[in-house]
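The values are calculated or read from the model by the stated rules, or taken from the named source; none is laboratory data. Please read these numbers as outputs of a predicted model, since none were measured by experiment. So basically every Cβ, Gly included, is an ideal-geometry build from the backbone, and we count neighbours across all protein chains shown.
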Amino acid sequence: MRTKRTLLALVAALALSAGAAASATATASRLPTASLILDFTPNAIHTGIYTALARHYDTANGIHLQVRIPGQSTDAIALLTAGRVQFAILDIHDLAIADEQGRHLVGIMALEQQPLAAVIAQPRYRNPRELDGKTIGVTGDPSDLAVLDSVVAGAGGKPRTLKTVTIGYNAVPDLLSGHVAAATAFWNDEGVQLSHQHPPFNVFRVQDFCAPSYPELVLTTTASLLKRDPGLARAVVHTLVDGYRFVLRHPVAGEHYLESQVSGLSSRAVSQQLKVELPAFLPRGGGPYGALKHSVLSRWASWEVRFGIVKRRPDIATMFDPSFVPR
């Protein structure tokens with residue numbers, strides 16, 4: 001009899017759970033949709049986004065968030081300006097270039113508060129100035145040369161003596177094969193992978209060499225959308241803030257949420273990457289998650305033009321709107 005009662009209780013619980021899920025789905029179908037395209041294929045840096053989806057923070061904030069994964073030829077800025085997506089995670093340097101081109105895009109939330117860019121060197125090069133005259137691999141992104149010059153010059157080296165070769169996003173195999181002495185890459189991705197080599201490769205973060213600390217990835221939308229529907233933008237920001245705040249408190253749970261929604265991820269890689277990324281999520285000196293600080297952005301704008309990513313200093317007053325991040 002007890003077994004029968006237990007079975008009936010289990011069936012009832014499953015029915016209630018299924019009903020709740022159906023209700024949540026029905027609710028989501030009646031909410032406005034917000035489309036968001038990522039900057040890259042999903043990885044640990046996006047854990048807060050997928051946590052927000054798994055925990056239905058989007059519907060709690062009155063929207064249905066649709067996340068799109070970019071392909072190799074995807075131009076997120078073109079999709080934004082054409083109205084084919086409403087929001088995008090952009091590299092802050094791409095945002096600056098788009099602004100200089102008159103694209104009228106606005107950053108409304110920072111994903112993290114430290115630049116992810118770095119120069120990763122063979123184990124024998126223990127200081128960036130030792131790279132003078134060497135062959136360096138670059139992805140071809142506009143900001144690569146600025147990162148490389150900043151790191152080498154900041155260490156007292158001579159950037160003009162460097163020989164660069166475009167290798168795309170093949171820093172790990174090209175470094176392991178010895179094809180290049182160093183390469184521009186991300187310390188939270190390729191840097192983590194290569195740190196487990198024996199001896200480990202040397203990772204020179206750009207913020208340690210001439211560059212200020214700035215948010216690498218920024219949630220971006222169009223100025224016209226902000227004028228037309230500021231409530232949608234606010235709901236998206238609040239959704240992501242809720243997701244990342246949860247990850248900061250429960251990183252292991254966040255890893256599981258990411259891995260359960262994105263196939264093919266290495267649990268070990270996600271765990272290692274998120275571990276080094278967590279300290280970068282919150283502003284130095286305190287402040288809410290996602291904050292866009294004027295003082296930080298001002299220093300970044302000066303660096304941006306000094307190292308030639310853009311020709312004129314970015315107007316941070318029009319490029320960023322920090323008011324959407326909850327305090």
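Below is a table of values for the structure above.
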| item | result |
| --- | --- |
| Pairs, first part of a helix (DSSP H, G or I) in region 50-62, second modelled with pLDDT under 95 and not acidic (Asp, Glu), C-beta under 7 Å, six or more apart | THR59/ALA24; THR59/THR27; THR59/ALA28 |
| Test: residue in region 42-58 that is among the β-branched types (Val, Ile, Thr) and modelled with pLDDT under 95 | no |
| Residue in region 288-297 that is surrounded by 21 or more Cβ atoms within 10 Å (Cβ to Cβ), more than 19 Å from the chain's Cα centre (by Cα) and of a type outside the set (Gly, Ala, Ser) present | no |
| Residue ID - farthest from THR47 (Cα to Cα), chosen from residues in region 262-310 that are among the basic types (Lys, Arg) and either assigned to a loop (DSSP other than H, G, I, E, B) or not assigned by TED's automatic domain parsing to the domain that holds HIS238 (or both) | LYS293 |
| Condition met for VAL305 (closer than 28 Å to GLN193 by Cα, surrounded by fewer than 18 Cβ atoms within 10 Å (Cβ to Cβ) and of a type outside the set (D, E, K, R)) | no |
| Pair list, Cβ under 6 Å, 6 or more apart: region 212-230 residue assigned by TED's automatic domain parsing to the domain that holds TRP303 and more than 17 Å from ASP94 (Cα to Cα), other residue among the aliphatic types (A, V, I, L, M) and in a helix (DSSP H, G or I) | LEU226/ALA233 |
